[in-house]
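Quick notes on the structure that follows.
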Amino acid sequence: MGLKYTILGGDKRSLELGNLLMKDGNDVCIYGFDRLEQYKYGSVSLDEAIGYADVIIGPLPFSADKINVNAPFSYEAIEIDKVFSLMSEKQMIIGGRFSLEHEKQLKSKNLKSADYFKREEMQVLNAIPTAEGAIQIAMEETPITLHSSNVIVLGYGRIGKALSKMLYGIGAKVHVEARNYSDLAWIKNNGYIPVCLKELKTYLPRMNVIFNTVPQMILNKELLKSIDNNCIIIDLASEPGGVDLEAAKELEIKAIRALGLPGKAAPVTAAMFIKETIYNIMEELDV
């Protein structure tokens, strides 16, 4: 017999996750989607939605303001404090990117919790739809093919690795910036052009597309001045991002903040990755 799950807020990924859990024979309650026609009528109250579940699944990110659950399809705000107060010690909440304050709160209330975004398998798999979504934006925003274009990926973490590989497969001239020598060696080994941070200003003027994955200021005003006006910048890094957007606007360079791409570009695949990660968590905790 399956567990009872409540999907609490979130975007299209969360809805797809609910469908996948139901297909596996679990009972699922959906809450926080009353802006959507199919969930407008006959919806349960927050008390009922929380009380129903063995496991409550929150969105990614769990909250945008640290006060309410991230629920773009809900007419009413879902207060995090209220959610936690309605839970019992028998239940478990699993969310993506809990804040430090929320983790402390859960611990003080003796509530079982897990953060699926902290899991390595989730981060690696999540990089795939992020990279595909970034390439889609680049194709839509540029009047040239990515094939034979000069592109640079800033950062060689999980997303940087997935994105570089895809761009190389398309036939782009792939440059990758990294800070440590082992990454630069792997970049060279994979057939890309390695770029040290100190060399960035030399390479930037010839780029057609710049993809940033570094979550700290890397493209400041000084570096932006070296970029051609026809170049497109796509910033994939989580807040605060790595591009001085005001300076880019002032210099008339198109810079796009592209957050939450898995939910936009491939919600079904992204939901599958979340489901797999949640099942891994449950297996390890023997739930």
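No value in this document is a laboratory result; all are computed from the given coordinates. If you're wondering where the values come from, they're calculated on a predicted model, not measured in any experiment. FYI the Cβ positions are ideal-geometry reconstructions off the backbone, even for glycines, and counts take in every protein chain you see.
Secondary structure note: in the chain, about 5% of the DSSP beta bridges are antiparallel. For the pair the range 152-174 and the range 7-32, the centres of their Cα atoms are 32 angstrom apart. Length available on full extension from GLU79 to ASN110: 0.36 nm per residue minus the Cα-Cα distance, which gives 9.3 nm. Measuring spread by the Cα atoms of the range 160-287 yields a radius of gyration and Dmax of 17.3, 55 Å. Give, as a single signed number, the net charge of other residues whose beta carbon lies under 11 Å from the beta carbon of ASP54, with Lys and Arg counted +1 and Asp and Glu -1. Value of the local net charge: +2. Computed on the range 9-165, the Cα convex hull volume stands at 156 Å³ per residue.
Applying the criteria of a DSSP loop state and at most 14 other Cβ atoms within 10 Å to the trypsin sites (Lys or Arg not before Pro) of the range 50-91 yields LYS66, LYS90.
Its Cα centre serving as origin, the chain has a Cβ charge dipole (Lys and Arg +1, Asp and Glu -1) of approximately 760 debye.
Over 21 Å, how big is the tail of the calculated P(r) for the range 1-99, in percent of all Cα pairs? Percent of Cα pairs beyond 21 Å in the range 1-99: 24. Modelled this way, with points 7 Å down the Cα-to-C-beta line, the labels at ASP228 and SER182 are 3.6 nm from one another. Semi-axes of the equivalent ellipsoid for the range 77-142, computed as √(5λ) from the eigenvalues of its C-alpha gyration tensor and ordered from largest down, come to 34, 14, 9 Å. Taking 7 Å steps out from each Cα toward its Cβ at ASN280 and MET217 produces label points 3.6 nm apart.
Taking a threshold of 26 Å on the Cα-Cα distance, which of the pairs LYS112/LYS275; LYS118/LYS165; LYS118/LYS249; LYS12/LYS82 fall above it? Too far apart for the 26 Å limit: LYS118/LYS249. What share of Cα pairs, in percent, lie more than 16 angstrom apart in the range 93-204? Everything past 16 Å amounts to 66 percent.
On full extension, the segment bounded by VAL124 and LYS198 gains 23.8 nm, given 0.36 nm per residue less the C-alpha separation. Evaluated with a Cβ-only charge set (Lys, Arg +1; Asp, Glu -1), the range 143-279 carries a dipole of roughly 320 debye about its Cα centre, given to the nearest 20. Structural descriptor for the range 141-230: relative contact order 32 percent, calculated from alpha carbon pairs under 8 angstrom and at least 6 residues apart. What the phi angles of the range 21-31 give under the Karplus curve with 6.51, -1.76 and 1.60, with θ = phi - 60°, is a coupling list of 5, 5, 4, 7, x, 8, 8, 10, 10, 10, 9 Hz, glycine and proline written as x. Calculated mean residue ellipticity, 222 nm, the chain: -12000 deg cm²/dmol, from DSSP H runs (n ≥ 4) at -39500 (n - 2.57) each, averaged per residue and rounded to 500. Centroid-to-centroid, using Cα positions, the range 45-83 and the range 260-287 are 18 Å apart.
For the range 33-111, applying the loop criterion from DSSP together with a ceiling of 12 other beta carbons within 10 Å to the chymotrypsin sites (Phe, Trp or Tyr not before Pro) yields TYR41, TYR75.
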